[in-house]
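First comes the structure, then the notes that go with it.
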């Protein structure tokens, strides 16, 4: 039973006269029980009519009735009697579409629409056990709501009562209360306030799009010009303008109560969106002919394959995701191998249709990736939270990395010539942005530290140099000097021209993601 | 690996293409070498045939102040798109070099684009320019104007082969440098 009170009676009458649908009537009476909105239209209508036909009498109405007002009985609204308030059931205009919700709380609250929404979700084949329902309504509904509220306010002000706009139940909430039970039932999932799976239902009403336009003249500063052809009448802008505009000004520009329309809202396609899932791990790169990300210049692919594509492909298909974003803790060049424990990375899978995987299944995915190519290897593959991925980039300047480089020297060397390298600790160098990346990086000077070095003599013109450096150090430029723009460099230290023939990353010293024992 | 001086291609060979402009502004033998990186950035250097590098000349002074209002040292670029860099045409002067024999030479941009940096190391140590004109003795780094077709930047520039032909012709005519 509806918990309507004495004071609601005039509101109910006034709204029904204006052609409001029964659920909008409940909203303006601040009925906050979900079950009320789930009842059928006819049911609610019957009870409302019964409610207003009662006299203001000592007999309490149904469930409520604690109030006994001392006011003189109002003009009673009689069914089918012509009164100064107007008849309640007589159709005053042709359409029976609610001028406030434009039909959203009428036919769209029927089980058939709920089933339609559910079927659309089922077609998209998501796996989930809960969902959140979001509703988007056309901006002009706020205008009509405001108009109706002013209309009601006027009536009750005369009775020295007050109805705050916040007390009125919002159309969105009423709609959700009406349909979520059926939707949850159809989909076998709980409809919650928060969930990783979002089902969006939207409505539009082209017929009344111009309802908002007058606000642009009365409150111009609320509406910012938009870059593309999008309308400036966004929901937020309209709501803001309605907060600013005075009652009197509003009433001058817009009818209160709102005028009826000939058409009702049309429903947009139901869309689903699953929040991103993050997969982290560490990768090794064994090929000297594999870029980390696709190498494309002017639309042309310069080299086949990439680390990110090799890792993401099996993930995309298992999670049935629409796309991905790949990020890692630093990068290596095409011709550089990544050895040791590998480099931490994270893949954000966008709109995954399946998001739940257990440890075994993830292990299996890791195997699949490793079997797919001998150019890379992945370890410690695991699902992580979005927040955890920031661990990858944190402290980038403090972390260290170790490398192994094959060095050529112009002058002939003996193994004794290399001994001094092991004694150099925390060598400060200044690196101007290397010429080879200067086209896409700002010009700057980067101070960096070479923490330690050691060497393995190979022959009179070659040796292996091992280095432990601060993260962000350009190793190749430290070796050949980059036109003298990295100072000091290995050529300076060894007093000869030197060049780097091969480079390997031996370790990336970050302890994330957590190791997964095999 | 062999015990020999022969080696794999140098940094310049691996990443750069050599282009040349000879007899800048009609001045005999004042040849420049433009090192164009595969990412289109260009390094302006003296070609090995430039007079400054001949006959054991020594450098007295290098001046980046090319006019009352313009010093290449004041060049400042910011951001990824290198905003603020001085705009250069092919014949924009980069610097003026005076040798100990009082000969003065102007080094020119040779390409159209934005000046990214000039080499300040040679101000302190002019010998760098004499000893390592193609690497540590570079003059300037320029971001060319035409982004898509780097070929159009090098229109009017000579390839290495064409440059060598010019040198051969000169030797035959025995032009003094």
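Could you tell me whether any residue of region A:236-248 is closer than 25 Å to residue A:12 by Cα and surrounded by 15 or more Cβ atoms within 10 Å (Cβ to Cβ)? Checked against the condition, which is being closer than 25 Å to residue A:12 by Cα and surrounded by 15 or more Cβ atoms within 10 Å (Cβ to Cβ), region A:236-248 yields at least one hit.
For every residue, the table says whether it meets (1) surrounded by 12 or more Cβ atoms within 10 Å (Cβ to Cβ); (2) under 16 Å from the mean Cα position of the chain (by Cα).
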| position | (1), (2) |
| --- | --- |
| B:58 | no, no |
| B:86 | yes, no |
| B:90 | yes, yes |
| B:95 | yes, yes |
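Taking residue A:314, is it outside the structural domain of residue A:405 (by the TED database), in contact with a strand residue (DSSP E or B) (Cβ under 6 Å, 6 or more places away or on another chain) and either under 30 Å from residue A:118 (Cα atoms) or in a helix (DSSP H, G or I) (or both)? Criteria not met by residue A:314. Evaluate region A:444-460: report whether one residue or more is touching a strand residue (DSSP E or B) at 6+ places or on another chain (Cβ under 6 Å), surrounded by 17 or more Cβ atoms within 10 Å (Cβ to Cβ) and not in a strand (DSSP E or B). No, region A:444-460 contains no residue that is touching a strand residue (DSSP E or B) at 6+ places or on another chain (Cβ under 6 Å), surrounded by 17 or more Cβ atoms within 10 Å (Cβ to Cβ) and not in a strand (DSSP E or B). Of the strands (runs of 3 or more DSSP E) entirely within region A:371-440, those holding at least 2 residues that are in contact with a helix residue (DSSP H, G or I) (Cβ under 8 Å, 6 or more places away or on another chain), more than 12 Å from chain B (Cβ to nearest Cβ) and farther than 17 Å from residue A:469 by Cα occupy A:376-384. Only one of the listed residues (B:136, B:120) is touching a helix residue (DSSP H, G or I) at 6+ places or on another chain (Cβ under 9 Å), within 14 Å of another protein chain (Cβ to nearest Cβ), at negative phi and loosely packed, with under 13 Cβ neighbours inside 10 Å. That residue is B:120.
If you go through region B:153-170 one residue at a time, do you hit one that is within 14 Å of another protein chain (Cβ to nearest Cβ), at pLDDT below 90, within 17 Å of residue B:20 (Cβ to Cβ) and surrounded by 12 or more Cβ atoms within 10 Å (Cβ to Cβ)? Looking through region B:153-170, at least one residue is within 14 Å of another protein chain (Cβ to nearest Cβ), at pLDDT below 90, within 17 Å of residue B:20 (Cβ to Cβ) and surrounded by 12 or more Cβ atoms within 10 Å (Cβ to Cβ).
If you go through region A:213-231 and pick out every residue that is closer than 19 Å to residue A:144 by Cβ and part of a loop (DSSP other than H, G, I, E, B), you end up with 3. With respect to being away from chain A (no Cβ under 14 Å), touching a strand residue (DSSP E or B) at 6+ places or on another chain (Cβ under 9 Å), under 16 Å from residue B:144 (Cα atoms) and surrounded by 15 or more Cβ atoms within 10 Å (Cβ to Cβ), residue B:108 fits the description.
What do you reckon, is residue B:28 surrounded by fewer than 18 Cβ atoms within 10 Å (Cβ to Cβ) and either touching a helix residue (DSSP H, G or I) at 6+ places or on another chain (Cβ under 7 Å) or farther than 19 Å from residue A:438 by Cβ (or both)?
yes
Would you check if residue A:308 is crowded, with 19+ Cβ neighbours inside 10 Å and either modelled with pLDDT of 95 or more or not in a strand (DSSP E or B) (or both)? Considered against the rule, which asks whether it is crowded, with 19+ Cβ neighbours inside 10 Å and either modelled with pLDDT of 95 or more or not in a strand (DSSP E or B) (or both), residue A:308 comes out as yes.
Within the set B:41, B:52, B:62, B:66, the sole residue that is within 14 Å of chain A (Cβ to nearest Cβ) and touching a strand residue (DSSP E or B) at 6+ places or on another chain (Cβ under 7 Å) turns out to be B:41. For region A:486-495, what are the residues that are surrounded by fewer than 23 Cβ atoms within 10 Å (Cβ to Cβ) and touching a residue at least 40 places away in the same chain (Cβ under 8 Å)? Across region A:486-495, the qualifying residues are A:487, A:488, A:489, A:493, A:494, A:495. Here residue A:404 clears all of (1) touching a strand residue (DSSP E or B) at 6+ places or on another chain (Cβ under 6 Å); (2) within 17 Å of residue A:308 (Cβ to Cβ) except the condition numbered (2).
The values are calculated or read from the model by the stated rules, or taken from the named source; none is laboratory data. All figures in this text were calculated on a predicted structure; none of them were measured in a lab. Note that we place each Cβ from the backbone using ideal geometry, even for glycine, and neighbour counts take in every protein chain shown.
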